[in-house]
1. Here's a check for you: in segment 39-63, which residue that is of a type in the set (A, V, I, L, M, F, W, C) and either part of a loop (DSSP other than H, G, I, E, B) or over 18 Å from Gly82 (Cα atoms) (or both) is farthest from the chain's Cα centre (by Cα)?
2. Quick one: Thr34 ticks every box in (1) on the phi > 0 side of the Ramachandran plot; (2) in a helix (DSSP H, G or I) bar one, so which box is it?
3. Given the criteria closer than 26 Å to Leu6 by Cβ and small (Gly, Ala, Ser), does Ala31 qualify?
4. Determine which member of the set Lys75, Lys80 is more than 30 Å from Asp13 (Cβ to Cβ) and either out of contact with any Ser or Thr (no Cβ under 7 Å at 6 or more places or on another chain) or not in a helix (DSSP H, G or I) (or both).
5. Within segment 1-27, which residues are assigned to a helix (DSSP H, G or I) and either of a type in the set (D, E, K, R) or within 19 Å of Val76 (Cα to Cα) (or both)?
6. Looking at segment 18-36, I want the residues that are surrounded by 15 or more Cβ atoms within 10 Å (Cβ to Cβ) and have a partner that is outside any helix (DSSP H, G or I) and of a type in the set (Ser, Thr, Tyr) with Cβ atoms under 9 Å, at least 6 apart or on another chain. Which pairs are those?
7. Would you check which residues across segment 38-57 are exposed (fewer than 11 other Cβ atoms within 10 Å of the Cβ) and without any contact (Cβ under 8 Å) to a residue 24 or more places away in the chain and list them?
8. Among the residues of segment 29-54, count how many are aromatic (Phe, Trp, Tyr) and over 30 Å from Lys72 (Cβ atoms).
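Any read-out appearing in this document is the output of simple, stated calculations on the displayed coordinates, not a laboratory observation. Because the structure is a prediction, the values reported are computed rather than measured. Positions of Cβ are generated from backbone atoms using ideal geometry, with glycine treated the same way; all protein chains shown enter the neighbour counts.
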Amino acid sequence: MNKAELIDKIAKDADVTKVQANAALDAFTTAVVTTLKKGDRVTLVGFGTFSVSERAARNGRNPQTGAVIKIKARKVPKFKAGKEFSTKISSGKK
């Protein structure tokens, strides 16, 4: 499912226009990104938690030459599915 299909699904299920569904989705993603940039986490009970993880600096290898390269430390987004969400996916329930 891409963003357009998700907007269509939200609009249909929530009985709102596609413009309203798009605005709601954009507001949600902006809020998550803004919160994660501040170093906080976003927890949606029953769905999951968005957080930021620190990835340490490390050495890697150039696959073409085999030369050692340094990979800088960085922050990466992370999502951990909630128990209810995981249960619905594994059991096939809606």
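1. Ala57
2. The one condition Thr34 does not meet is (1).
3. On the way: closer than 26 Å to Leu6 by Cβ: yes; small (Gly, Ala, Ser): yes.
Against the criterion (closer than 26 Å to Leu6 by Cβ and small (Gly, Ala, Ser)), Ala31 qualifies.
4. Residue meeting the stated conditions: Lys75.
5. Answer for segment 1-27, where residues must be assigned to a helix (DSSP H, G or I) and either of a type in the set (D, E, K, R) or within 19 Å of Val76 (Cα to Cα) (or both): Lys3, Glu5, Asp8, Lys9, Lys12, Asp13, Lys18, Asp26.
6. Leu36/Ser51
7. Within segment 38-57, Lys38, Gly39, Glu54, Ala56, Ala57 meet the criteria.
8. Matching residues across segment 29-54 total 1.
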